[in-house]
Amino acid sequence: QKEVEQDPGPLSVPEGAIVSLNCTYSNSAFQYFMWYRQYSRKGPELLMYTYSSGNKEDGRFTAQVDKSSKYISLFIRDSQPSDSATYLCAMVSSGSARQLTFGSGTQLTVLP
Amino acid sequence: DTEVTQTPKHLVMGMTNKKSLKCEQHMGHRAMYWYKQKAKKPPELMFVYSYEKLSINESVPSRFSPECPNSSLLNLHLHALQPEDSALYLCASSQDWDRGTDTQYFGPGTRLTVL
């Protein structure tokens, strides 16, 4: 079983839709959670960083963490064609293993 | 400014060539990373440098040789690569490796093709 499971997609939605991207994890030592956006043939770009259960909002993006269920989500409101990219969740533990553990990525296409 | 720069953007090399990838950051970060990313896969960690010293080598073949000349620069020297080494090579940096929780900022990557 992978430490981090991410819905692989691909996901295709119409412009203006609300998008929900999800990851589950098995390692309870993960305490810090990130979402990266990666456009085709580019490096990952940090979107959201959070470490506590609950919601964190930044513009059209909301990151949600539920540590009791080991589940994180990224919501995109009023999705735009420019949001079309691969979204990667990533996690870091509070212990000695400090490497980022990535999900496999979800490819999102927002249709105009 | 959260910019990590990488050169070249694209590189094509033969299996007998020697080439180098370069990464630079001017954010004062003391941790720098090399990742390898194959198509439709997440980045895989290769090396971590902390305060210019190699902290992590994820069992990477010796045909990949990292170097950290100073706190702003990171190189990856390539020699006798195989076609399966073709990938996007990403550099990242963060404030401090020892804290572990610092955000990593990625560069745009070098797309490497080995013929």
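The number of residues in the range A:77-111 being under 17 Å from A:Tyr51 (Cα atoms), hydroxyl-bearing (Ser, Thr, Tyr) and part of a strand (DSSP E or B) comes to 2. Of everything in the range B:15-45 that's farther than 26 Å from A:Ser40 by Cβ, of a type outside the set (A, V, I, L, M, F, W, C) and assigned to a loop (DSSP other than H, G, I, E, B), which residue is least open to solvent (accessible area, probe 1.4 Å)? The extreme case among them is B:His29. Among the candidates B:Val60, B:Val12, B:Val48, the residue that is part of a strand (DSSP E or B), crowded, with 16+ Cβ neighbours inside 10 Å and modelled with pLDDT of 90 or more is uniquely B:Val48. I need a count of the residues in the range B:4-53 that are in contact (Cβ under 8 Å) with a residue 40 or more places away in the chain and of a type in the set (D, E, K, R). Within the range B:4-53, residues that are in contact (Cβ under 8 Å) with a residue 40 or more places away in the chain and of a type in the set (D, E, K, R) number 8.
If you check A:Thr101, A:Thr106 for being under 23 Å from A:Glu3 (Cβ atoms), within 14 Å of chain B (Cβ to nearest Cβ) and open to solvent by less than 10 Å² (accessible area, probe 1.4 Å), only one passes: A:Thr106.
Could you list, in sequence order, the residues of the range A:19-45 that are within 11 Å of another protein chain (Cβ to nearest Cβ), in contact (Cβ under 8 Å) with a residue 12 or more places away in the chain, open to solvent by 50 Å² or more (accessible area, probe 1.4 Å) and in a strand (DSSP E or B)? Those that are within 11 Å of another protein chain (Cβ to nearest Cβ), in contact (Cβ under 8 Å) with a residue 12 or more places away in the chain, open to solvent by 50 Å² or more (accessible area, probe 1.4 Å) and in a strand (DSSP E or B): A:Gln31, A:Tyr32.
Number of residues in the range A:46-72 that are within 14 Å of another protein chain (Cβ to nearest Cβ) and either in contact with a helix residue (DSSP H, G or I) (Cβ under 9 Å, 6 or more places away or on another chain) or not β-branched (Val, Ile, Thr) (or both): the value is 9. Take the conditions (1) under 25 Å from B:Ser93 (Cα atoms); (2) part of a loop (DSSP other than H, G, I, E, B); (3) touching a Leu at 6+ places or on another chain (Cβ under 8 Å); A:Leu74 misses just one of them, which is (2).
The set of residues from the range A:46-64 being in a loop (DSSP other than H, G, I, E, B) and within 20 Å of A:Leu111 (Cα to Cα) comprises just one member, A:Arg60. When the residues of the range A:8-18 are filtered to those that are open to solvent by 80 Å² or more (accessible area, probe 1.4 Å) and either among the polar types (S, T, N, Q) or in a loop (DSSP other than H, G, I, E, B) (or both), the one that is modelled with the lowest pLDDT is A:Pro8. Entry remark, the range B:77-113: residues being more than 13 Å from chain A (Cβ to nearest Cβ), outside any loop (DSSP other than H, G, I, E, B), over 28 Å from B:Arg30 (Cα atoms) and touching a strand residue (DSSP E or B) at 6+ places or on another chain (Cβ under 6 Å) number 1 in total.
The values are calculated or read from the model by the stated rules, or taken from the named source; none is laboratory data. None of these values were measured; they are calculated from a predicted model. Heads up, the Cβs are rebuilt from the backbone with ideal geometry, glycines too, and the neighbour counts pull from every protein chain shown. These accessible areas exclude ligands, DNA and RNA; they are computed on the full protein's heavy atoms, side chains included. Shrake-Rupley method; radii C 1.70, N 1.55, O 1.52, S 1.80 Å.
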